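The structure follows.
The values are calculated or read from the model by the stated rules, or taken from the named source; none is laboratory data. If you're wondering where the values come from, they're calculated on a predicted model, not measured in any experiment. With ideal geometry, Cβ positions are generated from the backbone for all residues, glycine too; neighbour counts draw on all protein chains shown.
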Amino acid sequence: MKSILYKYMTKFTSLSEAEQQAIAEQIVVEEYKKGTVLLRQGEVPLKCYFVLKGCVRQHAVDETGREVTSNFYTEEQAIPMFNRHKQDKSSEYTFTCLEDSALVVGDLLTERDMYDKYSQLESMTRKMIEESFGQVQDEYAAFIASAPEERFKALLRKRPHLIDRVPQHQLASYLGMTPESLSRIKKRIRDKGMDVPPR
């Protein structure tokens with residue numbers, strides 16, 4: 001499973017094979033059961049994660065008490081912990097495993113030591129975050145400008161695997177609609193002859 005890490009080290013760094021192997025030996029991979037909460041809203045994160053296998057949901061409870069899903073992280077995606085701008089460093093989100101998952105686990109308190117030892121790792125992490133953040137920005141801009149049916153069609157094009165892996169009410173929340181609206185949209189699209197997974 002660590003072959004995925006070698007792929008990224010090869011793509012974003014010029015580390016030698018021996019250096020890559022030394023880093024891979026220090027990297028911790030943990031397995032988590034479906035339903036495991038990695039971090040709760042309001043807690044201070046001490047770990048960062050990279051998904052090797054599985055699906056992790058990012059969600060929060062807003063001021064009205066409504067639970068809102070803002071993202072899903074699947075294979076080969078880093079889970080960003082952007083909380084350093086906050087005075088108390090607490091997380092605005094809860095992260096929950098929707099499937100049995102295998103994650104690379106990094107210690108935020110000791111990451112500086114790893115970067116000092118392997119300076120290219122910091123550059124690799126930054127490039128991965130920039131790539132991911134750019135994609136999120138593009139998707140958010142398209143999301144704001146599109147109607148609900150267009151949002152679902154975009155999901156079908158870009159992340160169709162989520163439809164089979166995520167409960168419909170969470171998918172609807174992520175798309176900014178009710179589960180009933182999502183069901184109607186799926187039916188309309190099926191009626192037009194497009195292939196939509198049954199879930």
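Per-residue answers, yes or no, for (1) under 14 Å from T94 (Cβ atoms); (2) aromatic (F, W, Y); (3) touching a residue at least 12 places away in the same chain (Cβ under 8 Å):
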{"residue": "T10", "(1), (2), (3)": "no, no, no"}
{"residue": "S16", "(1), (2), (3)": "no, no, no"}
{"residue": "A24", "(1), (2), (3)": "no, no, yes"}
{"residue": "V61", "(1), (2), (3)": "yes, no, yes"}
{"residue": "F72", "(1), (2), (3)": "yes, yes, yes"}
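Listed here are the residues, each with its yes/no results for (1) surrounded by 14 or more Cβ atoms within 10 Å (Cβ to Cβ); (2) small (G, A, S); (3) closer than 27 Å to M177 by Cα.
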{"site": "T36", "(1), (2), (3)": "yes, no, yes"}
{"site": "L46", "(1), (2), (3)": "no, no, no"}
{"site": "V61", "(1), (2), (3)": "no, no, yes"}
{"site": "R66", "(1), (2), (3)": "no, no, yes"}
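If you scan the stretch 3-25, which residues turn out to be farther than 16 Å from T125 by Cα and either at pLDDT below 80 or of a type in the set (G, A, S) (or both)?
S3, S16, A18, A22
Is there a residue in the stretch 159-180 that is of a type outside the set (S, T, Y), exposed (fewer than 13 other Cβ atoms within 10 Å of the Cβ), more than 25 Å from S101 (Cβ to Cβ) and at pLDDT 90 or above?
yes
Another one. Suppose we keep only residues that are over 18 Å from the mean Cα position of the chain (by Cα) and not hydroxyl-bearing (S, T, Y) within the stretch 118-140. Which one would you say is farthest from K34 (Cα to Cα)? Step through it out loud before you land on a result.
Our first condition is that a residue be over 18 Å from the mean Cα position of the chain (by Cα); within the stretch 118-140, this holds for 118-123.
Then drop every residue that is not not hydroxyl-bearing (S, T, Y), which leaves 120-122.
On the way: Q120: 34, L121: 30, E122: 31 Å.
Within the stretch 118-140, the match that is farthest from K34 (Cα to Cα) is Q120.
Here's something else I'd like to know. Quick one: which of V56, V44 is at negative phi and in contact with a strand residue (DSSP E or B) (Cβ under 7 Å, 6 or more places away or on another chain)?
Step by step, each of V56, V44 is checked, and only V56 is at negative phi and in contact with a strand residue (DSSP E or B) (Cβ under 7 Å, 6 or more places away or on another chain).
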